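Asks: Once you've had a glance at the structure underneath, I'll fire off some questions.
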Amino acid sequence: MKAEFFKKHPQWPLVEEISKTLISEGYKTVLAGGCVRDALLGIAAQDLDVATEAPPEMVEKLFQN
């Protein structure tokens, strides 16, 4: 699956920022859920879901808002 498919989505800049932050801290981060299914089916996703191995406490620390 090519990232270009997701780059068209209005949430992409935020997803990219979140992913880069988590990855820079050493945590694996992937797109997950319905957006992956939709991409495989070739249809536009309503939202983009990010999954990470970072513990909730770290996510809260990195993203205070």
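Asks: List every residue pair whose Cβ atoms sit under 6 Å apart, with the two residues 6 or more apart in sequence or on different chains, where the first one lies in the stretch 18-42 and is part of a strand (DSSP E or B) and the second, anywhere, is surrounded by 14 or more Cβ atoms within 10 Å (Cβ to Cβ) and among the charged types (D, E, K, R).
Replies: Going by the 6 Å Cβ cut-off, the qualifying pairs are 32/49.
Asks: Among the residues of the stretch 49-65, which ones are hydrophobic (A, V, I, L, M, F, W, C) and either surrounded by fewer than 15 Cβ atoms within 10 Å (Cβ to Cβ) or part of a helix (DSSP H, G or I) (or both)?
Replies: Filtering the stretch 49-65 for residues hydrophobic (A, V, I, L, M, F, W, C) gives 50-51, 54, 58-59, 62-63.
Within the stretch 49-65, 51, 58, 59, 62, 63 meet the criteria.
Asks: To continue, here is another question. Let me spell it out: the conditions are (1) touching a Phe, Trp or Tyr at 6+ places or on another chain (Cβ under 7 Å); (2) assigned to a loop (DSSP other than H, G, I, E, B), and residue 46 meets all of them except one. Which number is the exception?
Replies: For residue 46, the failing item is (1).
Asks: So, one more: Among the candidates 43, 23, single out the residue that is in contact with a strand residue (DSSP E or B) (Cβ under 6 Å, 6 or more places away or on another chain) and open to solvent by 50 Å² or more (accessible area, probe 1.4 Å).
Replies: Among 43, 23, only 23 is in contact with a strand residue (DSSP E or B) (Cβ under 6 Å, 6 or more places away or on another chain) and open to solvent by 50 Å² or more (accessible area, probe 1.4 Å).
Asks: If you go through the stretch 14-23 one residue at a time, how many are in contact with a helix residue (DSSP H, G or I) (Cβ under 9 Å, 6 or more places away or on another chain) and over 16 Å from residue 65 (Cα atoms)?
Replies: Taking the stretch 14-23 first, the residues in contact with a helix residue (DSSP H, G or I) (Cβ under 9 Å, 6 or more places away or on another chain) are 15-16, 18, 21-22.
From what's left, over 16 Å from residue 65 (Cα atoms): 16.
Going through the stretch 14-23 one residue at a time, the tally reaches 1.
The values are calculated or read from the model by the stated rules, or taken from the named source; none is laboratory data. This one's a predicted model, so the numbers in the text were calculated from it and none came from an experiment. Positions of Cβ are backbone-derived with ideal geometry, glycine not excepted, and every protein chain shown enters the neighbour counts. Calculation scope for accessible area: heavy atoms of the full protein, side chains included, ligands and nucleic acids excluded. Shrake-Rupley method; radii C 1.70, N 1.55, O 1.52, S 1.80 Å.
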